[in-house]
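The values are calculated or read from the model by the stated rules, or taken from the named source; none is laboratory data. All values derive from a computational prediction rather than experimental measurement. Using ideal geometry, Cβ is built from the backbone for each residue, glycine included, and neighbour counts are taken over all protein chains shown.
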Amino acid sequence: MIFLDHARLAREVRALGHTIPEAALVTAEGHAKRLSESGGLVDVPFVGRERPGAASWGRTIATTLAHAGLPESELSRVVGALWESHLDLNLWSAVPAGLVEALAAFRSAGGKVAIVSNSEGMLDSLFTRLGLRASFDVVADSGVLGVEKPDPRIFEHVLHACGASPERALHLGDIFATDVLGARAAGIRHALIDPHGHYEGRHLEVPRVPDVARTCHAILAARA
């Protein structure tokens with residue numbers, strides 16, 4: 001639901017001495033998402049890597065930067081500096097237009113909304129800072145729970161917290177390897193959020209949707 005802030009990432013990489021266009025970062029993030037299916041992500045050492053969720057975060061950022069053209073010799077330094085910035089304000093902090101209003105409408109109609117994230121234990125405070133915490137009934141942060149997507153247990157935790165059955169739930173996520181495969185393992189209906197076309201042309205046998213807001217409105221319209 002909340003996405004990587006490519007504009008901010010480009011600014012911070014520039015401040016560290018490298019110019020990478022925002023569009024290149026968008027494309028490179030798609031490569032990282034697809035490589036996560038095969039375990040081909042770039043792994044680099046950086047201070048703080050031992051924290052919950054940090055190693056996974058580092059692989060995603062390092063792979064994105066490598067595919068966007070950052071020299072291999074600079075990956076560890078830049079990823080380490082970005083991690084420090086991430087601790088101050090999560091790099092995944094881009095809120096799509098219309099999200100808050102759509103979630104409010106969905107919850108007003110009796111629906112429950114949960115976030116299931118492979119994060120670093122800081123999600124609740126991030127959402128509070130962004131003014132989003134009240135939009136969610138449940139926040140499931142892998143850094144707090146100690147289990148990550150695609151492990152079905154994190155999905156089962158959310159189902160229990162919401163008092164919902166798998167067949168009554170819908171999971172929307174933007175990474176096939178974690179979101180779609182995890183939801184499938186938990187027996188939950190699912191769709192792939194793909195606003196940038198990262199999975200264009202892939203035959204993944206999963207519905208693709210542009211964003212959460214329009215999906216919420218479509219569900220409400222179908223109920224009317």
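Restricting attention to the range 11-38 and to residues that are within 18 Å of the chain's Cα centre (by Cα) and of a type in the set (A, V, I, L, M), the residue that is surrounded by the fewest Cβ atoms within 10 Å (Cβ to Cβ) turns out to be Leu35. Filtered by the rule that a residue be surrounded by fewer than 18 Cβ atoms within 10 Å (Cβ to Cβ) and within 16 Å of Val138 (Cβ to Cβ), the range 165-191 gives Ser165, Pro166, Arg168, Leu170.
Applying a threshold of 9 Å to beta carbon distances and a minimum spacing of six or more residues, or different chains, the list of pairs starting in the range 204-224 at a residue that is over 17 Å from Leu99 (Cβ atoms) and ending at one that is in a helix (DSSP H, G or I) reads Leu204/Phe176; Leu204/Val180; Val206/Phe176; Val206/Val180; Val206/Arg184.
Being without any contact (Cβ under 8 Å) to a residue 60 or more places away in the chain and not assigned by TED's automatic domain parsing to the domain that holds Pro195 is a property that Ala15 has. Set side by side, the residues Leu103, Leu91, Leu123, Leu82 differ, and just one is surrounded by 18 or more Cβ atoms within 10 Å (Cβ to Cβ), among the hydrophobic types (A, V, I, L, M, F, W, C) and farther than 26 Å from His157 by Cβ, which is Leu82.
Residue count for the range 205-224 satisfying the condition of being under 20 Å from Ala169 (Cβ atoms), of a type in the set (A, V, I, L, M) and part of a loop (DSSP other than H, G, I, E, B): 1. Here the condition is being closer than 27 Å to Thr215 by Cα and either of a type in the set (Ser, Thr, Tyr) or assigned by TED's automatic domain parsing to the domain that holds Val212 (or both); of Ala28, Ala109, Ala94, Ala32, it holds for Ala109 alone.
Annotation note: of Gly48, Gly53, the sole residue that is under 19 Å from Gly143 (Cα atoms), in contact with an Asp or Glu (Cβ under 9 Å, 6 or more places away or on another chain) and surrounded by fewer than 18 Cβ atoms within 10 Å (Cβ to Cβ) is Gly48.
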